[in-house]
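The values are calculated or read from the model by the stated rules, or taken from the named source; none is laboratory data. What you see is a predicted model; the values in this text were computed from it and never measured. Note that each Cβ is placed from the backbone with ideal geometry, even for glycine, and that neighbours are counted across all protein chains shown.
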Amino acid sequence: MVRALLILAGGCLAVLLLGATLLVTPGVRRHAAVPQGATDVRVEGWRQIKSFACQRVSYHLPPDWSLLDQYAFLRTHGLGRDATADQALRRAQQEWQSSTFAIFVRQGWLGLLNERATVSIGVNGHPRPQVNVERCIKTNPWVDWS
């Protein structure tokens with residue numbers, strides 16, 4: 001009985017935290033993830049994927065930015081290069097033409113909030129590199145979906 005009440009209380013707390021995050025995060029962080037002057041900005045709403053709620057933002061670099069400017073922008077917003085992914089990218093670029101330049105990641109809230117940014121060649125003939133930022137929040141950490 002006590003265990004059931006604890007699980008119920010934990011579930012309610014998780015829903016409240018998620019609700020507060022969904023209300024505050026898009027308005028504040030959506031604009032912080034996109035640099036001033038970025039083009040073709042697309043924001044996909046929150047969607048549920050198994051036990052995660054995810055949001056995706058994509059844009060092309062501002063015309064006066066280089067890749068190094070974008071890397072610095074991502075670092076100042078708390079994302080760091082993923083060394084394991086970078087090694088895989090180098091191997092992939094040796095074997096076949098890879099369109100991804102770099103992958104940045106960040107984890108927060110004790111692993112409940114994950115962000116990943118990929119910087120790649122512009123799609124559909126666009127001359128500027130494209131950045132995809134995906135933010136996922138674990139919605140029910142006590143359930144194992146695997």
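Quick rundown of the values:
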| read-out | value |
| --- | --- |
| Test: residue in the range 40-54 that is modelled with pLDDT of 85 or more and closer than 14 Å to Phe104 by Cβ | no |
| Candidates Gly27, Gly37, Gly19, filtered to the one that is at pLDDT 75 or above, of a type outside the set (A, V, I, L, M, F, W, C) and exposed (fewer than 13 other Cβ atoms within 10 Å of the Cβ) | Gly37 |
| Residue among Thr100, Thr118 that alone is out of contact with any Phe, Trp or Tyr (no Cβ under 7 Å at 6 or more places or on another chain) and modelled with pLDDT under 85 | Thr100 |
| All positions within the range 57-76 that are in contact with a strand residue (DSSP E or B) (Cβ under 8 Å, 6 or more places away or on another chain) and either among the small types (Gly, Ala, Ser) or crowded, with 16+ Cβ neighbours inside 10 Å (or both) | Val57, Ser58, Tyr59, His60, Leu61, Pro62, Gln70, Tyr71, Leu74 |
| Top-ranked residue in the range 101-122 [being touching a residue at least 12 places away in the same chain (Cβ under 8 Å), among the aliphatic types (A, V, I, L, M) and in a loop (DSSP other than H, G, I, E, B); ranked as surrounded by the most Cβ atoms within 10 Å (Cβ to Cβ)] | Leu112 |
| Close pairs from the range 75-90: first closer than 17 Å to Gln107 by Cα, partner in a helix (DSSP H, G or I) and among the hydroxyl-bearing types (Ser, Thr, Tyr), Cβ under 7 Å, at least 6 apart | none |
